[in-house]
Amino acid sequence: MLPTEENKSLKHENDVLKLVTSIDLNATDISDTNGKLSGRSKSPKQTDDETLSLLMIENGDMTKNKWKSDFVNNRSSEKNEQSRKVNAVHRLSVLSVGFISALHPTSYLDTLFNMLKGNLGCGILAMGDAFKNGGLLLSPVLTFVIGSICVYNQHLLVGCSKSVKEKLKLQHNPEFAETLELSFQTGPKRFQSYSIFFRNSVNTFVVITQMGFCCVYILFVSKSIQQMMSWYHIELDVHMSILISLIPILISSLIRNLKFIARLSAIANFCMLIGLIVILYYCSFDLPSITSRAYVAHWTTIPLFFGTSIFAFEGISLVLPLEQEMKNPKQFSTSFGVLNVGMVITTSLLILTGFMGYLKFGDAVRGSLTLNLPEEFFFSKVVISSMMFGIICTYTLQFYVPVEIIWPRVENKLGPFKSPLLWEIGLRVVLVLITFLAADIIPHLNLFISLIGAVASTFLGLIFPPLCHMAVIGSDDSNVGYGRFQWRLVMNIITLLLGGLGFATGTYASVYEICHEFQIPLMSSEAVTTAATSIVNSTLQAVH
């Protein structure tokens with residue numbers, strides 16, 4: 001007798017449940033670790049549902065039944081199944097690891113503090129140099145504008161994540177890359193073919209940004225070593241100081257214990273806070289007249305200001321993990337929620353530090369305000385030493401993110417390994433050496449910050465969120481989500497234009513200044529045009 005449709009369906013569901021259960025048994029340690037990080041225990045039913053949902057997403061189909069069918073009928077080897085499970089767990093909250101030290105859902109104040117930790121790093125110490133490139137009066141206005149656009153885009157990202165979760169009835173909260181991917185998959189047909197491309201793009205730019213942060217931290221430590229040695233009449237070459245800084249940073253990068261990294265994060269933030277307070281205290285004495293500083297800088301240096309300032313707003317990747325870890329997530333996006341209050345404090349501190357730094361030191365301001373501290377200042381050695389230690393600890397934190405993104409892909413392509421720990425340590429060493437090589441090639445702190453900000457931070461903070469929002473709203477033919485007079489669409493277009501302009505001009509200006517530092521002549525526009533014309537003509541002649 002032929003089986004009935006009901007029996008077929010029951011057998012189908014049992015097969016799926018058995019498969020998911022076997023994968024969960026193989027990944028017990030991973031699930032336990034993720035449960036401890038989130039601070040919430042899961043029942044077996046919740047774990048099965050969440051795992052099934054995550055595995056269904058990997059296939060990229062639009063309906064739940066289709067996801068189930070494709071996953072069961074297209075089962076791969078045990079290695080690939082285990083790798084997909086590992087990737088799914090990592091994608092849940094990879095960027096929140098280390099930034100959130102609490103083992104339980106966070107309160108309003110906890111989340112606010114974590115947000116400030118994620119936004120205030122080396123970038124704030126470079127704001128004096130940024131104000132030099134923008135002008136004493138123009139820079140605060142531009143910083144406020146960039147901060148306002150960043151917080152607008154962060155609200156868009158949170159809204160899109162919630163919309164995608166509700167639309168697809170997901171059992172988990174999608175993070176940055178997954179939100180963009182599913183927004184495009186469920187958007188208009190012209191968007192759907194780009195979903196995987198944009199997911200990979202987000203992960204790529206996150207890796208570039210985090211590795212860029214690490215390069216900046218290396219330069220900060222090496223420049224600080226150089227500065228302190230000069231006070232003892234020991235002149236170090238910049239390359240030698242970078243080599244010296246390799247030892248402590250390489251050791252710290254091998255730390256894999258998340259709990260220990262979280263403790264290092266707390267120490268690092270305390271050191272950074274104390275150092276920033278002392279620097280602002282020093283900058284408040286013997287200030288020159290405001291008229292002695294340029295109110296508006298030359299237009300050719302403003303792109304450098306853009307790159308540095310957008311680098312300073314470095315917390316876009318933390319927005320979704322922070323919101324998802326709250327006891328009451330509704331407190332995150334309200335008018336006086338964590339996002340708005342945190343960004344107001346961040347923007348105010350950036351403006352204050354940049355204004356005071358440029359007003360105090362003028363054109364002599366360095367890529368980090370610590371480099372302007374004189375030897376005779378009583379707290380100079382203490383501040384620089386403590387901030388060096390804090391930056392080394394922060395390197396460990398920032399370095400964890402690219403490792404967690406890259407390692408599952410390496411394991412999936414080259415594994416299984418007989419000694420996974422040795423391979424992961426090898427990957428960490430290679431990535432650390434890459435950051436040191438990049439820092440050694442471009443040993444200019446201010447230019448490196450501007451370059452990373454213009455290239456990577458621009459895409460994460462200004463370009464991806466409005467594209468995600470347009471994909472989500474575009475799936476609704478009425479376009480009601482754009483608001484009255486479609487003002488959100490206008491804002492999205494303005495943000496995209498600003499991001500594109502900032503990326504192009506900021507990258508060009510940074511590369512130009514880097515080439516100028518190395519005395520590498522850049523071709524003029526006329527020379528480029530002439531060379532291009534001659535190449536085209538020679539090609540046409542060869543064809544004929």
It is to be established whether one or more residues within the range 180-196 are hydrophobic (A, V, I, L, M, F, W, C), at pLDDT 90 or above, surrounded by fewer than 21 Cβ atoms within 10 Å (Cβ to Cβ) and outside any loop (DSSP other than H, G, I, E, B).
yes
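Only one residue in Val341, Val401 is hydrophobic (A, V, I, L, M, F, W, C) and either more than 23 Å from the chain's Cα centre (by Cα) or open to solvent by 30 Å² or more (accessible area, probe 1.4 Å) (or both), so which one is that? Working first, answer last.
Numbers: Val401 fails: either more than 23 Å from the chain's Cα centre (by Cα) or open to solvent by 30 Å² or more (accessible area, probe 1.4 Å) (or both).
Checking each option against the conditions leaves just Val341.
Considering only the range 121-128, I want to know if a residue exists there that is farther than 23 Å from Gly453 by Cα, in contact with a Phe, Trp or Tyr (Cβ under 9 Å, 6 or more places away or on another chain) and not charged (D, E, K, R).
There is no residue in the range 121-128 that is farther than 23 Å from Gly453 by Cα, in contact with a Phe, Trp or Tyr (Cβ under 9 Å, 6 or more places away or on another chain) and not charged (D, E, K, R).
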Counting only residues that are open to solvent by less than 10 Å² (accessible area, probe 1.4 Å) and free of Cβ contacts under 8 Å to residues at least 12 places away in the same chain, the range 114-155 contains a total of 0
Condition check for Val410: farther than 20 Å from Ile255 by Cβ, of a type in the set (A, V, I, L, M, F, W, C), open to solvent by 10 Å² or more (accessible area, probe 1.4 Å) and part of a helix (DSSP H, G or I):
no
The lone condition Thr396 fails out of (1) more than 17 Å from Cys215 (Cα to Cα); (2) in a helix (DSSP H, G or I); (3) touching a residue at least 24 places away in the same chain (Cβ under 8 Å) is (1)
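Could you look through the range 232-242, keep only residues that are without any contact (Cβ under 8 Å) to a residue 40 or more places away in the chain and surrounded by 12 or more Cβ atoms within 10 Å (Cβ to Cβ), and pick out the one that is nearest to Leu397 (Cα to Cα)? Outline the logic, then answer.
Quick first cut of the range 232-242, residues without any contact (Cβ under 8 Å) to a residue 40 or more places away in the chain only: 232-237, 240-241.
If we keep only those that are surrounded by 12 or more Cβ atoms within 10 Å (Cβ to Cβ) too, we end up with 236, 240-241.
Details: Leu236: 28, Met240: 25, Ser241: 22 Å.
Across the range 232-242, the extreme among qualifying residues is Ser241.
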Scanning the range 417-472 for residues that are among the aromatic types (Phe, Trp, Tyr) and in contact with an Asp or Glu (Cβ under 8 Å, 6 or more places away or on another chain) gives Phe417, Trp423
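So, in the range 264-296, how many residues would count as being over 25 Å from the mean Cα position of the chain (by Cα) and open to solvent by less than 20 Å² (accessible area, probe 1.4 Å)?
Step one: list which residues in the range 264-296 are over 25 Å from the mean Cα position of the chain (by Cα), which gives 277-296.
Then keep just the ones that are open to solvent by less than 20 Å² (accessible area, probe 1.4 Å); that gives 279, 283.
Qualifying residue count, the range 264-296: 2.
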Expected single match for open to solvent by less than 50 Å² (accessible area, probe 1.4 Å), modelled with pLDDT under 90 and within 30 Å of Ser201 (Cβ to Cβ) among Ser309, Ser252 is Ser252
Inside the range 161-179, the number of residues satisfying the requirement of being part of a helix (DSSP H, G or I) and within 20 Å of Ile405 (Cβ to Cβ) is 5
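In this structure, does Tyr395 turn out to be crowded, with 20+ Cβ neighbours inside 10 Å and in contact with a Lys or Arg (Cβ under 9 Å, 6 or more places away or on another chain)? Show your work before the answer.
On the way: crowded, with 20+ Cβ neighbours inside 10 Å: yes; in contact with a Lys or Arg (Cβ under 9 Å, 6 or more places away or on another chain): no.
Answer is no for this residue.
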Taking the criterion of being open to solvent by 10 Å² or more (accessible area, probe 1.4 Å), under 30 Å from Lys259 (Cβ atoms) and either of a type in the set (Phe, Trp, Tyr) or at pLDDT 90 or above (or both), would at least one residue in the range 356-376 satisfy it?
no
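Got at least one residue in the range 424-435 being closer than 25 Å to Tyr512 by Cβ, assigned to a helix (DSSP H, G or I), without any contact (Cβ under 8 Å) to a residue 40 or more places away in the chain and out of contact with any Leu (no Cβ under 6 Å at 6 or more places or on another chain)?
Of all residues in the range 424-435, those closer than 25 Å to Tyr512 by Cβ come to 434-435.
This time we only want the ones that are assigned to a helix (DSSP H, G or I), so: 434-435.
If we keep only those that are without any contact (Cβ under 8 Å) to a residue 40 or more places away in the chain too, we end up with none.
No, there is no match, as no residue in the range 424-435 is closer than 25 Å to Tyr512 by Cβ, assigned to a helix (DSSP H, G or I), without any contact (Cβ under 8 Å) to a residue 40 or more places away in the chain and out of contact with any Leu (no Cβ under 6 Å at 6 or more places or on another chain).
Consider the range 299-342. How many of its residues are in a helix (DSSP H, G or I), in contact (Cβ under 8 Å) with a residue 24 or more places away in the chain and farther than 25 Å from Val365 by Cβ?
Matching residues across the range 299-342 total 15.
The values are calculated or read from the model by the stated rules, or taken from the named source; none is laboratory data. Keep in mind the model is a prediction, meaning the values are calculated, not measured. Here the Cβ is made from the backbone with ideal geometry for all residues, glycine too, and neighbour counts use every protein chain on show. Remember, those area values only see protein heavy atoms, side chains included, never the ligands or the DNA or RNA. Shrake-Rupley method; radii C 1.70, N 1.55, O 1.52, S 1.80 Å.
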